[in-house]
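The values are calculated or read from the model by the stated rules, or taken from the named source; none is laboratory data. Nothing here was measured: the structure is a model prediction, and the numbers come from that model. Cβ placement follows ideal geometry from the backbone for every residue including glycine, while neighbour counts extend to all protein chains displayed. Calculation scope for accessible area: heavy atoms of the full protein, side chains included, ligands and nucleic acids excluded. Shrake-Rupley method; radii C 1.70, N 1.55, O 1.52, S 1.80 Å.
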Amino acid sequence: MKTDPDDRLHRHDYPDREALAIALAAGIAAKLAGAIAERGEASLAVSGGSTPKRLFAVLSETDISWDRVTVILVDERICPPDSDRANQKLVRETLLQGNAAKAHFVAYETAAELPIANAEKSEALFAGLPWPLDVAVLGMGTDGHTASFFPGGDRLSDALDTAGETRVLPMQADGAGEPRLTLTLPALLDARFLALHIEGEEKRGVFDTALAGTDANAMPVRAVLHQDKTPVHVFWAP
């Protein structure tokens, strides 16, 4: 593990993706088990995409009290729940299996006609969750987006406002495809353990570029990397 001089970033590099999945799953499980021991319940926010599939498979078999864990998504596409584009379908098929099938999953509301209505309904659904999140796992796109914080997003400034009190916002951007729903930056930075999971040399290059600059509008992942509230654990494998 490498820690940057300012102690904001803790970088965990692994020789391959299997080793990363095993290590990150063990770390997540330990944080969740500790929260359950301390408070009787735990909360986990995960991201979609292809990167976390192996992580989810390993994590689903960990031996913790999953019936006391609430799982949500960091972000979601506004599409039918059974669509192959829906992050919740990925989570149901890869994470909520085996031991983790006992977890309580709260999905975003996506059935309303307007994105803002889905955001407001999702915010109400999430209000009863155990906040702050015990664990949040972010991904990153090659355009430098994380969560649904996309360059050029119509609500990007609102989503990145650390003084904001809203936990869920809609997001539309040219690079996003469908309209999205996303947890806001302050909701994510409240997490007790915040991880960024990236794989491959291309993503490593994007990460290095993001780290070297400060313009979060150009690469929104910078809003996570360049903040002094919450340490960020970066997990990478080639």
| task | Could you check Val71 against (1) aliphatic (A, V, I, L, M); (2) open to solvent by less than 30 Å² (accessible area, probe 1.4 Å); (3) out of contact with any strand residue (DSSP E or B) (no Cβ under 6 Å at 6 or more places or on another chain) and say which number it fails? | result | (3)
| message | Here's a check for you: in segment 19-28, which residue that is crowded, with 18+ Cβ neighbours inside 10 Å and of a type outside the set (Gly, Ala, Ser) is farthest from Val234 (Cα to Cα)? | response | Ile28
| note | Taking first residues from segment 175-198 that are free of Cβ contacts under 8 Å to residues at least 40 places away in the same chain and polar (S, T, N, Q) and second residues anywhere that are open to solvent by less than 10 Å² (accessible area, probe 1.4 Å) and in a helix (DSSP H, G or I), the pairs with Cβ under 8 Å that are 6 or more apart or on different chains are Thr184/Ala159
| note | Of the residues in segment 29-63, those that are open to solvent by less than 20 Å² (accessible area, probe 1.4 Å), of a type in the set (A, V, I, L, M), within 26 Å of Lys203 (Cβ to Cβ) and assigned to a helix (DSSP H, G or I) number 4
| message | Of everything in segment 142-155, what is on the phi < 0 side of the Ramachandran plot and open to solvent by 10 Å² or more (accessible area, probe 1.4 Å)? Give them in sequence order. | response | Thr142, Asp143, His145, Pro151, Gly153, Asp154, Arg155
| Could you count how many residues in segment 95-131 are in a loop (DSSP other than H, G, I, E, B) and open to solvent by 40 Å² or more (accessible area, probe 1.4 Å)? | 8
| query | Within the set of pairs 6 or more residues apart or between chains, which connect a residue that is within 14 Å of Glu165 (Cα to Cα) inside segment 113-126 to a residue that is assigned to a loop (DSSP other than H, G, I, E, B) and of a type outside the set (D, E, K, R) with Cβ atoms less than 7 Å apart? | reply | Glu123/Thr166; Phe126/Val106
| note | Within segment 80-96, restricting to residues that are touching a Phe, Trp or Tyr at 6+ places or on another chain (Cβ under 8 Å) and of a type in the set (S, T, N, Q), the one that is nearest to Lys53 (Cα to Cα) is Thr94
| Residues of segment 79-94 being aliphatic (A, V, I, L, M) and either surrounded by fewer than 23 Cβ atoms within 10 Å (Cβ to Cβ) or free of Cβ contacts under 8 Å to residues at least 40 places away in the same chain (or both), which ones? | Ala86, Leu90
